[in-house]
Amino acid sequence: MSTATALQQDDATAQIRALAEAARAASHELALADTDAKNNALTAAAAAVRAAEAELLEANAKDVAFGQEKNLSHAMIDRLKLDPARIEAMASGLEAVAALPDPVGEVMASWERPNGLRIERVRVPLGVIGVIYESRPNVTADAGGLCLKAGNASILRGGSESLHSSGVITECLQRGLEDAGLPRASIQMVPTRDRAAVGAMLARADLIDVIVPRGGKSLIERVMNEARMPVFAHLEGLCHVYVDAGADPEKARAIAFNAKMRRTGICGAAETLLVDRQADPAVLRAILSDLAKEGCELRGDDDVRALDPRVGTATEDDWYTEYLDTILSVRIVDGVEAAIDHINHYGSHHTDSIVTEDPDAARKFLAEVDSAIVMHNASTQFADGGEFGMGAEIGISTGRMHARGPVGTEQLTSFKYVVRGDGQIRP
């Protein structure tokens, strides 16, 4: 390691330690904060976001220019970009989180033992949550707001491209905290593009209780390999839409198009379309035509290519690829069983949807597809905490421990057992 690199690592280590120690102190106060204080902080932060619109747009223009210099894809630039509507959506999201029930202190279960001991399982905050994410500045508001509502302090490390936008958003969140009389260090942002800061966060299991990564495959793999604390894994969104022989043709066209093209750069965008061999070929031809007319590059197997000359050849790698772009892989399969096998083999366990009017096919798909979110007759683009009524989300967890699917306020809590007695001793 060069002297310059060692000094850089030392700086990052010291910076993260200072942030984490402040967060740990704040977390003790937040854990005891009442619901009104947290809600007041969130609504004040929403007002601050709206008031900072001009400042946010100016900061975001710098981030977009930086992203263009880095030759980010069109889809990634779209994820990065803010406009008045997206700023309003951030503010509204904070207000939606404020309107949610407070999970802290909820009695999850209670019972009494024959010896008279009364036992309760009660929700409590996790403590300090580190969130490492890429590109989308709105994640700063979502993550900070959700962690706060669940009584957790948060350390936010956004992508290098969104540094200016995320900085302004964090300042708005901290204004809300101060207005509500809560510690400013409850929500902090790592104010550097230095990648050494990520490694420094992953090493602080003594001060950071959970890490939530949200980004590309390389980021997730690094976090999984280096983290010394529990990780809520958000792997890539290799999402599928399966059009069954029993599908309504118009629903199939609308869902397949929306799942791919509404926003191609989000994790809920469909990357592979599977179609039952027994389905009317006219349905697939119509879907392919809809997509091609909107500039979607299509890659298919031989059966699909025989239906439309605009379809290129899909390779084995395509079935494993999260494009986050206007590209879709298409395969004809032998019924729902083959569709399930394909998804479970190639998919990322994120979100998968079946389009069918056959209740038996739907039940089989929903029961046997091993994904965090399974859908029937709905676009995969609904894979979002806000759309699930959770106010917002900190990510989609594709793991199986503790949290799975959209990670909202409840998933950002743990629990403890509260035992009340009247002098009982164990014989």
Out of the strands (runs of 3 or more DSSP E) lying entirely within segment 306-405, which hold 1 or more residues that are surrounded by fewer than 18 Cβ atoms within 10 Å (Cβ to Cβ) and not hydrophobic (A, V, I, L, M, F, W, C)? 373-376
For segment 117-215, please list each of the helices (runs of 4 or more DSSP H) lying entirely inside it that holds at least 1 residues being under 17 Å from the mean Cα position of the chain (by Cα) and either assigned by TED's automatic domain parsing to the domain that holds Asp83 or modelled with pLDDT under 95 (or both). 138-149, 163-179
Output for segment 52-77, where each listed residue is assigned to a helix (DSSP H, G or I), in contact (Cβ under 8 Å) with a residue 12 or more places away in the chain and among the aliphatic types (A, V, I, L, M): Leu56, Leu57, Ala59, Val64, Ala75, Met76, Ile77
Per the filter on segment 239-288, residues among the small types (Gly, Ala, Ser) and under 16 Å from Asp358 (Cα atoms) are Ala245, Gly246, Ala247, Ala252, Ala279
Which one of Asp102, Asp36 is under 28 Å from Thr409 (Cβ atoms), part of a loop (DSSP other than H, G, I, E, B) and out of contact with any Phe, Trp or Tyr (no Cβ under 8 Å at 6 or more places or on another chain)? Asp102
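Yes or no: Leu288 crowded, with 23+ Cβ neighbours inside 10 Å, within 30 Å of Gly216 (Cβ to Cβ) and of a type in the set (A, V, I, L, M, F, W, C)?
Judged against the criteria, Leu288 is a match.
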Looking for something in a loop (DSSP other than H, G, I, E, B), among the aliphatic types (A, V, I, L, M), crowded, with 20+ Cβ neighbours inside 10 Å and in contact with a helix residue (DSSP H, G or I) (Cβ under 8 Å, 6 or more places away or on another chain) - is there at least one such residue anywhere in segment 249-268? no
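The values are calculated or read from the model by the stated rules, or taken from the named source; none is laboratory data. Here the structure is a predicted model, which is why all the values come from computation and not from measurement. Glycine gets a Cβ as well: all are built from the backbone with ideal geometry, and neighbour counts include every protein chain shown.
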